[in-house]
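Trainee: Before anything else, here's the structure in question.
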Amino acid sequence: MLNQPVVRTIAAIALGAIAGALSRYYLVQGLTQMLGTHLPYGTLVVNISGCFAMGLLATLFLGPVITVHPDLRLLLLTGFLGSYTTFSSYELDSARLLMEERFQAELIYWGGSALVGFFSLQGGMTLANWLVNQVERHWFG
Amino acid sequence: MLSPDFLPLWIALGAIPGAISRYYLTVILTEWTGGEFPLGTFLINLSGAVLIGFWATLLPAFSPGTILNGFIIVGFLGAYTTFSTYALDTSNLLKQGSYRRALLYGLGSPVVGFLGVEGGMALAQPFLQG
């Protein structure tokens with residue numbers, strides 16, 4: 001069964017999604033217990049760390065240093081990181097802060113998630129490019 | 001199966017169709033539109049925002065337990081929508097020099113998603129009173 005491409009695609013995404021969604025759930029639970037519910041810290045940390053990992057892995061997988069099987073790419077990027085990070089909870093959290101009339105917190109969380117997520121992704125890409133350069137210099141230089 | 005001990009199982013059962021429908025919707029929409037604009041992820045995140053506004057308003061009234069919340073909100077909608085691909089798409093549009101598209105997508109996603117949640121919450125209201 002696993003030699004059929006469609007089955008492998010679905011299995012890879014499903015395995016990544018289970019791990020991604022459960023790590024998001026447990027991390028949000030843990031961070032909420034540690035830091036409280038003043039701001040939705042859990043979803044914030046999940047989304048920002050997921051952006052960093054996405055920048056790092058997407059760049060590494062495109063580069064010449066690491067070759068990954070397309071199924072592993074689906075498992076890690078589409079399955080795991082796609083499910084680990086979430087857009088719907090981020091928007092729900094924003095709407096709830098607005099309903100509580102906490103306008104400053106709303107603006108910081110809503111705008112900050114998008115902005116810091118973007119720069120975190122750039123950070124992951126920069127690290128990937130640096131790693132690729134190091135490998136090329138030491139092994140092939 | 002309905003005891004809170006099985007919550008991780010329900011989250012996993014929601015996450016599987018969530019991620020798979022995200023993948024196939026993205027593939028289909030990219031084929032249709034040529035992929036110049038990341039319409040797939042845009043529409044997924046927008047529809048996911050409407051759905052979370054709807055269900056997060058309805059669920060506490062009808063099912064105080066955590067099982068449906070885990071299945072629909074944490075599992076399905078959490079995995080269906082994605083933040084990391086949104087950031088990656090924005091970055092790719094910038095690198096291609098499509099500054100207008102990057103601005104439209106990068107800024108438009110959070111704005112439209114926010115309005116989507118509000119719309120979903122409004123859609124749920126008639127069911128609460130009924």
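The values are calculated or read from the model by the stated rules, or taken from the named source; none is laboratory data. Everything quoted here is computed from the prediction, not taken from an experiment. Heads up, the Cβs are rebuilt from the backbone with ideal geometry, glycines too, and the neighbour counts pull from every protein chain shown. The area values use the complete protein model at the heavy-atom level, side chains included, leaving out ligands, DNA and RNA. Shrake-Rupley method; radii C 1.70, N 1.55, O 1.52, S 1.80 Å.
Trainee: Is it fair to say B:Val50 is open to solvent by 40 Å² or more (accessible area, probe 1.4 Å), assigned to a helix (DSSP H, G or I) and of a type in the set (Val, Ile, Thr)? Can you show your working first?
Mentor: Working: open to solvent by 40 Å² or more (accessible area, probe 1.4 Å): yes; assigned to a helix (DSSP H, G or I): yes; of a type in the set (Val, Ile, Thr): yes.
Yes.
Trainee: Under 8 Å by Cβ, and 6 or more places apart or on different chains, what pairs join a residue from the range A:59-78 that is acidic (Asp, Glu) with one that is assigned to a helix (DSSP H, G or I)?
Mentor: Final answer for the pair search is A:Asp71/A:Arg8; A:Asp71/A:Thr9; A:Asp71/A:Ala12.
Trainee: Right, next: Residue by residue through the range A:112-128, note down the ones that are in contact with a helix residue (DSSP H, G or I) (Cβ under 6 Å, 6 or more places away or on another chain), closer than 12 Å to A:Ala58 by Cα and open to solvent by 10 Å² or more (accessible area, probe 1.4 Å).
Mentor: Listed by number, the residues that qualify are A:Met125, A:Leu127.
Trainee: Could you please let me know if A:Ser120 is facing chain B (nearest Cβ under 8 Å), more than 23 Å from A:Ile18 (Cα to Cα) and at pLDDT 95 or above?
Mentor: Values: facing chain B (nearest Cβ under 8 Å): yes; more than 23 Å from A:Ile18 (Cα to Cα): yes; at pLDDT 95 or above: yes.
Answer is yes for this residue.
Trainee: State all residues of the range B:32-45 that are at the interface with another protein chain (Cβ under 9 Å from one of its Cβ atoms) and open to solvent by 40 Å² or more (accessible area, probe 1.4 Å); if no residue qualifies, say none. Step through it out loud before you land on a result.
Mentor: Narrowing the range B:32-45 to residues at the interface with another protein chain (Cβ under 9 Å from one of its Cβ atoms): B:41, B:44-45.
The answer is none; no residue qualifies.
Trainee: While we're here: When the range B:82-120 is examined, which residues are found to be surrounded by fewer than 21 Cβ atoms within 10 Å (Cβ to Cβ), more than 21 Å from A:Met54 (Cβ to Cβ) and within 11 Å of chain A (Cβ to nearest Cβ)?
Mentor: If the condition is that a residue be surrounded by fewer than 21 Cβ atoms within 10 Å (Cβ to Cβ), more than 21 Å from A:Met54 (Cβ to Cβ) and within 11 Å of chain A (Cβ to nearest Cβ), then B:Val111, B:Val112, B:Phe114, B:Leu115, B:Glu118, B:Gly119 are the ones that fit.
Trainee: So A:Met54 fits all but one of (1) under 14 Å from the mean Cα position of the chain (by Cα); (2) open to solvent by 20 Å² or more (accessible area, probe 1.4 Å); what number is the exception?
Mentor: It is condition (2) that A:Met54 fails.
Trainee: For the condition in a helix (DSSP H, G or I) and open to solvent by 40 Å² or more (accessible area, probe 1.4 Å), what is the one hit in B:Leu13, B:Leu77, B:Leu29? Break it down into steps so the answer makes sense when it comes.
Mentor: Working: B:Leu77 fails: open to solvent by 40 Å² or more (accessible area, probe 1.4 Å); B:Leu29 fails: open to solvent by 40 Å² or more (accessible area, probe 1.4 Å).
Only one candidate passes the filter, namely B:Leu13.
Trainee: What number of residues in the range A:98-111 are aromatic (Phe, Trp, Tyr) and open to solvent by 30 Å² or more (accessible area, probe 1.4 Å)? Let's see the steps before the verdict.
Mentor: So in the range A:98-111, the residues aromatic (Phe, Trp, Tyr) come out as A:103, A:109-110.
Now drop any that are not open to solvent by 30 Å² or more (accessible area, probe 1.4 Å), which leaves A:103, A:110.
Total meeting the criteria: 2.
Trainee: Let me ask something else. Kindly provide the set of residues from the range A:20-47 that are surrounded by fewer than 24 Cβ atoms within 10 Å (Cβ to Cβ) and at the interface with chain B (Cβ under 9 Å from one of its Cβ atoms), ordered by number.
Mentor: A:Leu22, A:Tyr25, A:Tyr26, A:Val28 - these are the residues of the range A:20-47 that are surrounded by fewer than 24 Cβ atoms within 10 Å (Cβ to Cβ) and at the interface with chain B (Cβ under 9 Å from one of its Cβ atoms).
Trainee: Here's something else I'd like to know. Please state which of the following conditions A:Val46 fails to meet, knowing it meets all the rest: (1) modelled with pLDDT of 95 or more; (2) more than 20 Å from B:Asn69 (Cβ to Cβ).
Mentor: It fails just one condition, (2).
Trainee: On to the next question. Do you know which of the residues in the range A:75-97 that are within 7 Å of another protein chain (Cβ to nearest Cβ), assigned to a helix (DSSP H, G or I) and in contact with a Lys or Arg (Cβ under 9 Å, 6 or more places away or on another chain) is surrounded by the fewest Cβ atoms within 10 Å (Cβ to Cβ)? It would help to see each step written out before you state the result.
Mentor: Taking the range A:75-97 as the starting set, the residues that turn out to be within 7 Å of another protein chain (Cβ to nearest Cβ) are A:78-79, A:81-83, A:85-92, A:94-95.
Restricting the remaining residues to those that are assigned to a helix (DSSP H, G or I) gives A:78-79, A:81-83, A:88-92, A:94-95.
Subset that is in contact with a Lys or Arg (Cβ under 9 Å, 6 or more places away or on another chain): A:78, A:82-83, A:89.
Values: A:Thr78: 23, A:Gly82: 33, A:Ser83: 35, A:Ser89: 26.
Ranking the qualifying residues of the range A:75-97, first place goes to A:Thr78.
Trainee: Same structure, new question: Of all the residues that make up the range A:37-74, how many are part of a helix (DSSP H, G or I), over 30 Å from A:Asn133 (Cβ atoms) and of a type in the set (Ser, Thr, Tyr)?
Mentor: Taking the range A:37-74 and keeping what is part of a helix (DSSP H, G or I), we get A:41-62, A:70-74.
Filter once more, keeping what is over 30 Å from A:Asn133 (Cβ atoms): A:41-44.
Subsequent filtering for residues that are of a type in the set (Ser, Thr, Tyr) retains A:41, A:43.
Final tally of qualifying residues: 2.
Trainee: If we scan the range A:123-131, do we find a residue that is in contact (Cβ under 8 Å) with a residue 60 or more places away in the chain, assigned to a helix (DSSP H, G or I), of a type outside the set (S, T, N, Q) and over 25 Å from B:Thr82 (Cα atoms)?
Mentor: Yes, the range A:123-131 contains at least one residue that is in contact (Cβ under 8 Å) with a residue 60 or more places away in the chain, assigned to a helix (DSSP H, G or I), of a type outside the set (S, T, N, Q) and over 25 Å from B:Thr82 (Cα atoms).
Trainee: If you don't mind, another one. Can you find, within the range B:58-67, the residue that is nearest to the chain's Cα centre (by Cα) among those that are in a helix (DSSP H, G or I) and surrounded by fewer than 19 Cβ atoms within 10 Å (Cβ to Cβ)?
Mentor: Residues of the range B:58-67 in a helix (DSSP H, G or I): B:58-62, B:67.
Checking which are surrounded by fewer than 19 Cβ atoms within 10 Å (Cβ to Cβ) leaves us with B:59-62, B:67.
Details: B:Leu59: 17, B:Pro60: 19, B:Ala61: 22, B:Phe62: 22, B:Ile67: 19 Å.
Only one residue tops the list, namely B:Leu59.
Trainee: Looking at the structure I just gave you, is B:Phe76 more than 10 Å from chain A (Cβ to nearest Cβ), farther than 13 Å from A:Phe118 by Cβ and in contact with a Gly (Cβ under 7 Å, 6 or more places away or on another chain)? Show your work before the answer.
Mentor: Numbers: more than 10 Å from chain A (Cβ to nearest Cβ): no; farther than 13 Å from A:Phe118 by Cβ: yes; in contact with a Gly (Cβ under 7 Å, 6 or more places away or on another chain): yes.
In short, no.
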